[in-house]
Structures are given as C-alpha cells and as structure tokens.
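See below for the structure under consideration.
All of the numbers you see were taken from the coordinates with simple rules; none came from a lab. Predicted, not measured: the structure shown is a model, and the values here were computed from it. Methodologically, a virtual Cβ is constructed for each residue, glycine included, from the backbone with ideal geometry; neighbour enumeration extends over all protein chains shown.
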Amino acid sequence: MKIPTAHYDRQRDDSQAMTPLIDVVFLLLIFFVCASTDQVRESLLPTELAAGSIESPATNPGPRPLGEAWVRVRAGDGDGDGGGGRGGTGPRIEVEGRSFTGPNRHQLLSEFLKTLATAAPELPVILDIDPEVPLGEALAAYDAARAADFDAIHFAVDPATTSGAPPATAP
Amino acid sequence: MRIPTRVRRLGISLDLTPLIDIVFLLVIFFLVASHAARSESTEPVQLPLVGEVQHEQPSVPGRLVVTVTADQALHVGGRIVTLEQITSLLAEASAAANSGGYEVRIRGDRRVPFRAVEPLMVACAQAGITRIGYAVLPH
C-alpha cells in the first residue's frame, strides 16, 4: 500500500492570499476615519499687498481716477463676532454717505459696492477700519469689496499707531 | 487507520502578511502621531466667515503661518512670539519674497481687534512680502 507522505494545500493558499488585502483595507479605513475627525478645512482669502514703496500716488503714471470710495468700518456696541451679525447692532459701515448697520449690513454693503463697481470699476476702494473693529468684520468688508470686482482695494493705516508705510492691495 | 501526513506547499512561499501588517501599522502610527503633534501646535481660533474664498491652496516654496488668538497673542510654530521677532523673520525671508516664493498666512480669530493684525500687514509690506492670505471659513 502506498502511503501518501504529502499533499498540496492549494485551497488554503488561495484563502490566505486575501488576508493582507483585508488587513490593509481595514487599516486604511480606520486611518481615514481618525484623520477626518475634528477636521475643519480652512479656506484662503488671498490678499496681494503692494510693497511699501508705492505709497506715493504722485509716481503713478496711470490716469488718476476721479475719486475714491472710502469704506469706513466703525466699532459698535453689539456683537463682536463679525461673522453673522447675530444679536445687537454690531459695527457700523459707512460708504459714500451711506451707513449700514444691523444684521444684514454685509449684504447691503455688498450690493452697494457692486452697484458702484458696475459704474466705475477703476474707482479705488480704501478700507478705513477702526482699530477696535473685530477682524471678522474687517475681512467681511474686504470680502465685499473683492466680490464687487474693483480694480484696486487699499487698506488705510493710521501712521500714529504704525510707524510704517501703508499697505495697499491690488487684486 | 488514517496516517497523518505532512502538508507541503507548492514551491517556496514567503508569508508576507505579518510584514505588511507591521509596515502599515507603523505608517499609520507615524501619520497619526505627526497629525497629533501638528494639531497640538495649532492654536484653536474662530476663523472669520466670508463668502468669496479660495479653496485651492497655492503652493509656494516658503510660508509663514502666524496665528493671532483671541487674547491677541501672536503664535508662530506653536510658540508665542513678539512682533519684532516676526519682523526679523520676515526680513530674513525678504529675499525669497522678491521672487514671489514666500507667503504669509494669518490665522486670526474673528473676535480679535484689527489693531492686532494691522501691524502684521504693515510689516509684510515693509519687508516686501506681497503675498499674504487670511485663513477663513466659507459661509
């Protein structure tokens, strides 16, 4: 009688081939679940500053615009979040003799600036932001000016508080 | 009577399963550890909410991330720094900034007064760094 001394276990080899794949898939699943927890994707509000050597308008060879649109953002006594304008009157925004307050001040400012940009996009917009205004409110005004698609947006800087040249943006 | 036999595999087989397990576990460990370390140095701030945002992050060779927390403290690399230290950092990076390869990103809390951020913009302009960006959240 011939006694078999060995046999081939093909079926076991085939089933073992799936083990690393399952391991890797589950490990990747766990990794992405862990990595996506508590992650808030930040976006970017780009700002192109002009270097400090261009603060003199006399050296600008281009045609001078007829005027300037000053956007003055004043600190208020309402909410200070500057994000949604919930609660209180919040800061006050003044543009060309108009004053925007209340929760929908950003929307009103955006609509007014878009109307202004349609008529005169070459008009330089100067953001005069009160030092006590929250950053969220300042960026909301800057965002409204960018959305209106003006040619140039400048930040006014108080030389008393900062001993440097005023930065300017040129989107 | 059944005689027990010895299982023989076809050819030479190398079981790579433990190796793959260990390697991937190490990879995931280092990724999670580096993520935790980075999160630890990222100070929690409430970013401003704006409508017009840029989702794709432009790739620049050099970048300085300045975090302005609600208590108006300036953080760079997880450490509290002064404006003078940031100014010196910007002065060192001005050479790279001349070629447009340097960016300053300001992660400012939305409640912080503008006077805490304004000197940063002035310092960037004086150092010749024109590319700055604010970390924001879309509405």
For B:VAL112, other-chain or 5+-apart residues with amide H closer than 5 Å (H placed, Pro excluded) are A:LEU135, A:GLY136
The answer for the net charge of residues other than B:SER94 whose Cβ lies under 14 angstrom from its Cβ, with Lys and Arg +1 and Asp and Glu -1, is -1
Most exposed to least, judged by fewest other Cβ atoms within 10 Å, B:LEU16, B:LEU83, A:LEU108 sort to B:LEU16, B:LEU83, A:LEU108
Ranked from fewest to most other Cβ atoms within 10 Å of their own Cβ, B:THR42, A:THR101, B:THR130, A:THR118 fall in the order A:THR118, B:THR42, A:THR101, B:THR130
Summed over the other residues with a beta carbon less than 11 angstrom from that of A:ASP143, with K and R at +1 and D and E at -1, the charge totals -1
In the neighbourhood of A:GLU42 defined by beta carbon distances under 10 Å, the net charge of the other residues (Lys, Arg +1; Asp, Glu -1) is +3
With 0.36 nm assigned to each residue of separation and the Cα-Cα distance removed, B:LEU83 to B:ALA95 gains 2.4 nm
Exposure proxy check on A:ARG74, A:ARG92: fewest-to-most Cβ neighbours within 10 Å is A:ARG74, A:ARG92
